[in-house]
Structures are given as C-alpha cells and as structure tokens.
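What follows is a short report on a single structure.
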Amino acid sequence: MSDLDAFRAEVRAWLEANCPPEMREPIREEGDVCWGGRNWVFKNDAQKQWLDACVSKGYTVPDWPTPYGGAGLTPEQTKVLKQEMKRINARSPLDSFGIWMLGPALLQFGTEEQKVHYLNPIARGEIRWCQGYSEPGSGSDLVSLQTFGEDKGDHWVVNGSKIWTSYADKADWIFCLVRTDKTNKYQGITFMLFDMASKGVTTKPILLISGNSPFCETFFDDVEVPKTQYVGEINRGWDVAKYLLGHEREMISGGGAGGDMVSIGGAFAKAFGKNAAGELDDPILRAEMAAFDTDVFAYRAMGERFMDMWKTGRAHPASSNMMKYVGTELNKRRHELVMSGGGSEALEWDSEETKGGARARGWLRTKANSIEGGTSEVMLNVIAKRILDLPGA
Amino acid sequence: MPLYHNDDQAMLKDSVAPFVAEQAPVSHLRKLRDEADATGFSRDLWTQFTEMGLPGMLVPEAHGGLGMGHMEAGIVLEEIGRNLTPSPFLSTGVGAVAALAKAGGTQAGRWLPAIASGEAIVALAIDEGAKHRPDRIATTATRAGNGFRLDGKKSFVLHGHVADMSIVAAKTDGGITLFAVPKDAKGLTADPRRLVDSSLASHVTLDGVEVDADAVIGEVDAGGEILDALLAATRTGAAAEMVGVGQGAMDMTVTYLKERKQFGKLIGEFQGLQHRAAHLYGEMEVARATVMKAQQLLDEGSEGAKLMVSVAKAKAGRAANLAVREGVQMHGGIGMTDEYDIGLYMKRDRALAEFMGDVHYHIDQVARMNGY
C-alpha cells in the first residue's frame, strides 16, 4: 500500500468516526454554511461538533502548516482529503474569507509573528473577516481608490468609505486597501488589518435585486490603525492585493468549490416528465440543458487541471482570470436554466415550498458573479494583455 | 495522476512537435492537395513515423509496440492537428489498435505487430449513412461455409482505398460482430471521394464478401464492447487532433492581431477583437483540459471514461470550431483566400467534427448518460 493509500484509509476512518450524519447533507440554505466568528450562532450541535473535530485535526485548512492551525498536508494529501469528504457529501466545516483570501496572502507576505497571530484564529473559525477593496468611485479600477490613511507616527488615521463589502455587518475584522501616499497611484496603497469594532467604523447593508443584503457600505471616520497592522510593505499593498485577488477569483469561479456543478438536466427530469423515448419532454430545453451539462463537465476537468497546475507552480499567473471568467459566465447560464426548468414555481418569491423563493433569489444573485471580483470584461482584458500578449491592452 | 503532462510526456512532446512541424507542416498538405495525390498521405512520412515508433505507441509490448496510453497518443495527434498533417495515425494507430488490443486472439496476433512495424494501414468501416449512428448498423454477416458472408455499404471510411485491412462492424444473429477484412477480399470495393479538407474517404461496398471464421475480432455477437473501445479511442483521438487544429488556428490569428494595422493601429489593440480572442483562449483551455481528462480516464480504464469521451468530443468540437471561425473572420479578406492557410484549418475542423459523431450527437449522449 502506498503512503497515499494509507493516508486515504486513515482519512476515511476518521471521517466515518467524526463527521455527523447531519453534516453529510447538501447545503440547502445560507444558515447551513458555517462562517464562524465572534458572534457566530451554530445552527445545531452537529455543525459545532464537525467544526471542532476538523479544527483539532487541522482539517479546516488542511494544506496550511501545523504551527498556523493547519494539518500540513501535501497537495496530493489535500486532494485525497477533499475527495474523501466529497465521497460522503461532507459539508465544508468552515467557510471564510480568512481561509480563502487573507490566509494565503498572509502565508505569502506576512511576518512569522503575523502568521501565528492571525492564522490560528482563522483556522479555528474565531475571527470572521471581510474585505475592504472596492470604493464608490472605483469598482474594477482599484488603483483609483481614495480611502486615506494619514501617518501619525505609530498609527494611521483612516478616513473614507468602501462599498460591496461582503458581510461587513457580520465580520469581526477587515483586510483593507488604504491609500497612504497620494503621489503614487500604484505604489501608494497599504494593505491594512483592523478590528471592525474600532471606533469610527460603521456599516450599512445594501438591498439587492435578490431582496437580500450580502453586501454593505462601510464607512471609516477617523479610525486609528496601529502601524503594526499591515501586511507586506507600506505603500506596496497592491502586491498583496493582486495575489489575494487570484485566490478570490479561484473561489468565485468555483475552481475550488465545484460542488454545485452537477448535471442540471438530471435534476429537472422529474419535474418535466419524459416522453416515450425517455427524454425530457421539451426537446429544445433538453438540448440547451445537455449543452450546458457538457460545458459543466468540461469546466470541472479544467478546474482539476487548473488546481493541479496552480499548486505545482505550472499555471500562468493570469489563468485564474480565465477560470473566473469561464466559471462565472457558466454559473449565470446555469441559473437561467434553473429558472426555465422550474417554470412558474421558480417565480414564487416568498412561499414556504420554495424556501422563500430560493431559486429566484439565487438566480438574481448570480448576476453579480461577473461583476464582483473584477468584471468579465476586465478578466478578458487581463487575458488579452497578460496571456495572449496583445498590444496596447 | 495530475492533469498535466509528466516529464516523460513532456519529453515526448518535445521530440514529436518539432518533428511534425519540420517534416509535415501545412505546406506538406498543400503539396499533396495540389498534386491531387491519390493516396491522400505520404508513405515516406509514414515510414518516418514508424522509425519513431509512433504507429505502435498504443500496441502492447508483447505485440511489438511501446505499450503507451491515450495521453501519449494525444500528444502526437495534437501536433498532427496543429500542422494539418494527413496521416492514417488516428484510424490505424489509435482506433484499430484499441479494438484489436481489447479483443486479443488471432486477429490481434496477426495485425498488431504489422501496425507497430508500419507495414499495415487499417481503416475503420463503421458508419453507414451521412451521420454517425453506430447503434444502427445494417451491414449483415451471415454464416456461410467455414465462415461468414458480409453484405452492406459503409461510408466515410478514411483511408479505405489504401487500407491493408478494414475493421468492419456487422450485424450477426445475436448482436454486433467486428471482422478483419483484408484488402484483397473478393467483393470488397472502396470508392474514394475527395473531401473538403483534401483527405480521401471511401464509400465501401461489401457484396457477398466471404471471410473465414477466424476473421472475427474477438467473439461472434460480442463485438459491442470492442466497438465501444474503438469508438472511445478514436473519438478521444479526434478530439485531441481538434485541439491541435484549434490551437494552430488560434496561434495564427493571435499572431496576425499583433502584426496587421488598420486605422493606424495594430488591430490587436482593439478591445472588440481582444475580448473575442480572450474568450476563445478560455474555450480552448477548457477543451484541452477536457480532452486530457478523457485520455486519463481511458488510460485508467475508469467507468467515467465514456461520459468524458463524449464531453471531450463535443467540447473540442465547439472550441475548435470557434477557433477556425474567429480565425477566418479576424483575418478579414485574406482569410478567404486559398493561398492563406487559415481556411485550411476551417476545412480540417469541419471534417474532424463530423468524424465519429458530431457535437450534437455527443451532447445528446451526455443527456442520455445523465438519464434525460
């Protein structure tokens, strides 16, 4: 038996003993996702048990080194763990921007002290983070941001506002891009970390077309940030931000979270009924769904190849932009088909049977996929410029 | 196994890519076309392929081959696609080998060493109509004397007119049976037609062709599984070749965008064209990954291979088709001229797209395999 096979057997036994049956069900609603944080209220005992078990093994962040709360697994072992969790439909024990975005950036750019101090609470789900990138005047054009940190010796005084801050009203800390030098557009931004409970921080949810408010406006009014709380170099926050955006795109594109990418035609076979030949009883929609499914299976292969290449340093740095573009466009197409497949039932906005119009709200939510984390058009610009090397882009 | 080429595979690519590009670039196809070559490919080139061991890549070592996998064959096919190289490699070295190796027995012993040594070209006589419908085979094989009598018509048989042997799928009493029909069999005629991409495909007539009982590949009535192996290998190979065709067209186009000036600017500076090129890049990358996944699953003998083979043929078909259409359009008027190569890519893509099931056929298969 190879070491990897032995590891698989060990993981399998551990999951059998530690993953509660309630955590082997698909995510059905927002509350099923465990985000953690100071104010987190567990949905049930199973959710807490599952998190505790994974924290004790380092399995919330399996590929992080053990001193920072991870399990120190190799890429191959991490893949095995993911495969085994998927095999039993195990829910992710903990989801957070700390894991997906800040963590990898700290591992790359943080000091040893920062890694120990910040990564462990992230791995344990104790601090929930939000991301302060976009501003009212700068969406995809991040280098134009205006939030300013005035140098006061041992601290900065930060003034300005951010927009589209996901879950800012629920987050404990923020990682934030702040201009610290007004004379240099690119090299005048610092990547800061601070507590959302700091004096002068306020948030206001933004109501979206889905009827939900996952995003906030966030205001900073003379917020004091100690000079110890920045990552990378002062005025070189753009390096950290770019690295982190790569990971964000990976996440939004579903490169790491392809769980939702199952056959859509199969899901609607029952609702439609079938004709005598056993085919979905709407030939045109069947064809569209089958074409979509083909693209989904293909994209899953791309996701696997992307991760294999990314983890071994073989991927082009801008290939995450390609994944983001293809993945988000595919996800929007999925939800258009979900609405068609659901027919009049999918239109219901607040009925109990539809779990409060989950399909309709989900469909509307996906329209942001190709806007957040950089628009599809910006992704195409980056591919054209950095991968295809087209002129003047 | 990770989804990228390992060191050995990368080395193979490093030797095959320059070889094909030097020995059989697009000008090689042009020459054969302009001379209206009746063979449809170069025997000299096939000898060179043989010297490199390529026809025997998939042939088991016990039969004189290299015992490699679909991932390796795909590397060769991508280069064949990129250079539009006319070659019997796909039908002989991939499709026929997959069927014979799966079946084993007399015919495997007879033909696999001959394929590996470059002596035998094998054609695949599967299709019977204008569209690929392998579940509707009407050619019959009836027991006669010591063997069988074959009657029927086959179409779209690549290299059928020059093949030393044709693998013929026929209906027998209890199912499908595959036969190895040698080229001198009485009653076998191949009528070659020049296709849009200048390749030659035959209409094959089987008029009371008599073969011995040992011409059966595998077992009588049990050809379904062998046919499946042949189809999976050939479809995946065609998909890999299409990735090469698409990549070749895309590379030409991107190069052109960086050279051609209009309105005082390089046309590659225009965002309208940049976005289309970038979109094409994404589609091509997804298609490439999908083809590699299908190759990997075939090499592992995985149950999931069948679905991924159809996904790969469909996705590679879509992506390569986009690449050649965008290629001609972005080249503008010059793209419509015969002297310029981009049109040749469009023609080859069209032929490969139709071979062994088009995009629509395979998308339909995806729906069926998912229960709808």
- Query: Which of the residues that make up the stretch A:311-341 are more than 11 Å from every other protein chain (Cβ to nearest Cβ) and hydrophobic (A, V, I, L, M, F, W, C)?
  - Reply: A:337, A:338, A:339
- Message: Criterion first (in contact with a His (Cβ under 6 Å, 6 or more places away or on another chain) and within 14 Å of chain B (Cβ to nearest Cβ)) does residue A:380 satisfy it?
- Response: yes
- Message: I'm checking my understanding of the structure. Among residues of the stretch B:274-292 that are within 16 Å of residue B:241 (Cα to Cα) and either in contact with a strand residue (DSSP E or B) (Cβ under 6 Å, 6 or more places away or on another chain) or not β-branched (Val, Ile, Thr) (or both), which one is farthest from the other protein chains (Cβ to nearest Cβ)?
- Response: B:284
- Answer yes if at least one residue in the stretch A:366-373 is at the interface with chain B (Cβ under 8 Å from one of its Cβ atoms), touching a strand residue (DSSP E or B) at 6+ places or on another chain (Cβ under 8 Å) and not in a helix (DSSP H, G or I), and no otherwise. no
- Message: Can you find a residue that is under 20 Å from the mean Cα position of the chain (by Cα) and either under 30 Å from residue A:134 (Cα atoms) or of a type outside the set (Ser, Thr, Tyr) (or both) anywhere in the stretch A:336-357?
- Response: no
- All positions within the stretch A:121-145 that are more than 25 Å from residue A:94 (Cβ to Cβ) and either open to solvent by less than 10 Å² (accessible area, probe 1.4 Å) or not in a loop (DSSP other than H, G, I, E, B) (or both): A:135, A:138, A:142, A:143, A:144, A:145
- Message: Of everything in the stretch B:256-273, what is at the interface with chain A (Cβ under 7 Å from one of its Cβ atoms), within 20 Å of residue B:342 (Cα to Cα) and open to solvent by 10 Å² or more (accessible area, probe 1.4 Å)? Give them in sequence order.
- Response: B:258, B:266
- Apart from one, (1) surrounded by fewer than 24 Cβ atoms within 10 Å (Cβ to Cβ); (2) within 17 Å of residue B:346 (Cα to Cα); (3) under 21 Å from the mean Cα position of the chain (by Cα) all hold for residue B:326; the odd one out is (3)
- Query: Of the conditions (1) closer than 22 Å to residue B:267 by Cα; (2) assigned to a helix (DSSP H, G or I), residue B:349 fails just one. Which one is it?
  - Reply: (1)
- Where residue A:254 falls short, out of the listed (1) modelled with pLDDT of 90 or more; (2) more than 11 Å from chain B (Cβ to nearest Cβ); (3) open to solvent by less than 20 Å² (accessible area, probe 1.4 Å): (1)
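Residues are listed down the side, and each one gets a yes or a no for (1) more than 9 Å from chain A (Cβ to nearest Cβ); (2) out of contact with any Gly (no Cβ under 6 Å at 6 or more places or on another chain); (3) hydroxyl-bearing (Ser, Thr, Tyr):
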| position | (1), (2), (3) |
| --- | --- |
| B:321 | yes, yes, no |
| B:329 | yes, yes, no |
| B:342 | yes, no, no |
| B:366 | no, yes, no |
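Inside the stretch B:83-127, can you point out the residues that are at positive phi and not aliphatic (A, V, I, L, M)?
First pass over the stretch B:83-127, keeping only residues at positive phi: B:84, B:104-105, B:118.
Correct list: B:104, B:105, B:118.
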- Query: Here are some residues: A:43, A:82. Which one is of a type in the set (D, E, K, R) and part of a helix (DSSP H, G or I)?
  - Reply: A:82
- Note on the structure: Taking the stretch B:32-44 and keeping only residues that are surrounded by 11 or more Cβ atoms within 10 Å (Cβ to Cβ) and within 18 Å of residue B:340 (Cα to Cα), one is left with B:32, B:33
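Take residue B:295 and tell me if it is facing chain A (nearest Cβ under 9 Å) and either modelled with pLDDT of 95 or more or surrounded by fewer than 21 Cβ atoms within 10 Å (Cβ to Cβ) (or both).
Values: facing chain A (nearest Cβ under 9 Å): no; either modelled with pLDDT of 95 or more or surrounded by fewer than 21 Cβ atoms within 10 Å (Cβ to Cβ) (or both): yes.
Considered against the rule, which asks whether it is facing chain A (nearest Cβ under 9 Å) and either modelled with pLDDT of 95 or more or surrounded by fewer than 21 Cβ atoms within 10 Å (Cβ to Cβ) (or both), residue B:295 comes out as no.
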- Note on the structure: Over the stretch B:64-81, the set of residues touching an Asp or Glu at 6+ places or on another chain (Cβ under 8 Å) and assigned to a helix (DSSP H, G or I) is B:70, B:71, B:77, B:78, B:80, B:81
- Matching residues, the stretch B:20-41, being touching a residue at least 40 places away in the same chain (Cβ under 8 Å) and in contact with a helix residue (DSSP H, G or I) (Cβ under 9 Å, 6 or more places away or on another chain): B:20, B:21, B:24, B:26, B:28, B:29, B:30, B:33, B:39, B:40, B:41
- Can you tell me which residue within the stretch B:298-315, out of those that are assigned to a helix (DSSP H, G or I) and open to solvent by 30 Å² or more (accessible area, probe 1.4 Å), is nearest to the other protein chains (Cβ to nearest Cβ)? B:307
- Being in contact with an Asp or Glu (Cβ under 8 Å, 6 or more places away or on another chain) and within 24 Å of residue B:313 (Cβ to Cβ) is the filter here, so list the residues in the stretch B:219-249 that pass it. B:240, B:241, B:242, B:243, B:244, B:245, B:246, B:247, B:249
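Does residue B:57 satisfy the condition of being outside any helix (DSSP H, G or I), more than 14 Å from chain A (Cβ to nearest Cβ), open to solvent by less than 40 Å² (accessible area, probe 1.4 Å) and closer than 30 Å to residue A:313 by Cβ?
Numbers: outside any helix (DSSP H, G or I): yes; more than 14 Å from chain A (Cβ to nearest Cβ): yes; open to solvent by less than 40 Å² (accessible area, probe 1.4 Å): yes; closer than 30 Å to residue A:313 by Cβ: yes.
When the stated conditions are applied, residue B:57 passes them.
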- Some residue of the stretch B:221-229 being charged (D, E, K, R), open to solvent by 60 Å² or more (accessible area, probe 1.4 Å) and either under 20 Å from residue B:353 (Cβ atoms) or in contact with a Lys or Arg (Cβ under 9 Å, 6 or more places away or on another chain) (or both): yes
- How many residues are outside any helix (DSSP H, G or I) and more than 13 Å from residue B:61 (Cα to Cα) when one looks only at the stretch B:105-121? 4
- Message: Contact list please: Cβ distance under 6 Å, first residue in the stretch B:139-150 and under 17 Å from residue B:124 (Cα atoms), second residue among the acidic types (Asp, Glu), pairs at least six apart or on different chains.
- Response: B:140/B:151
- Has the stretch B:279-292 got any residue that is more than 28 Å from residue B:28 (Cα to Cα), in a helix (DSSP H, G or I) and among the aromatic types (Phe, Trp, Tyr)? no
- Item | Cβ-Cβ under 8 Å pairs, at least 6 apart or on other chains, the stretch A:1-30 side of a type in the set (A, V, I, L, M, F, W, C), far side loosely packed, with under 10 Cβ neighbours inside 10 Å | A:9/A:1
- Message: Condition first: open to solvent by 60 Å² or more (accessible area, probe 1.4 Å) and either assigned to a loop (DSSP other than H, G, I, E, B) or more than 9 Å from every other protein chain (Cβ to nearest Cβ) (or both). Now tell me which residues in the stretch A:268-310 satisfy that.
- Response: A:270, A:271, A:276, A:277, A:281, A:283, A:284, A:288, A:310
- Which of the residues that make up the stretch B:336-368 are touching a helix residue (DSSP H, G or I) at 6+ places or on another chain (Cβ under 6 Å) and surrounded by fewer than 18 Cβ atoms within 10 Å (Cβ to Cβ)? B:340
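The values are calculated or read from the model by the stated rules, or taken from the named source; none is laboratory data. Since this is a predicted model, take the numbers as computed values, not measurements. Virtual Cβ from ideal backbone geometry, glycine too; neighbours counted across all protein chains shown. These accessible areas exclude ligands, DNA and RNA; they are computed on the full protein's heavy atoms, side chains included. Shrake-Rupley method; radii C 1.70, N 1.55, O 1.52, S 1.80 Å.
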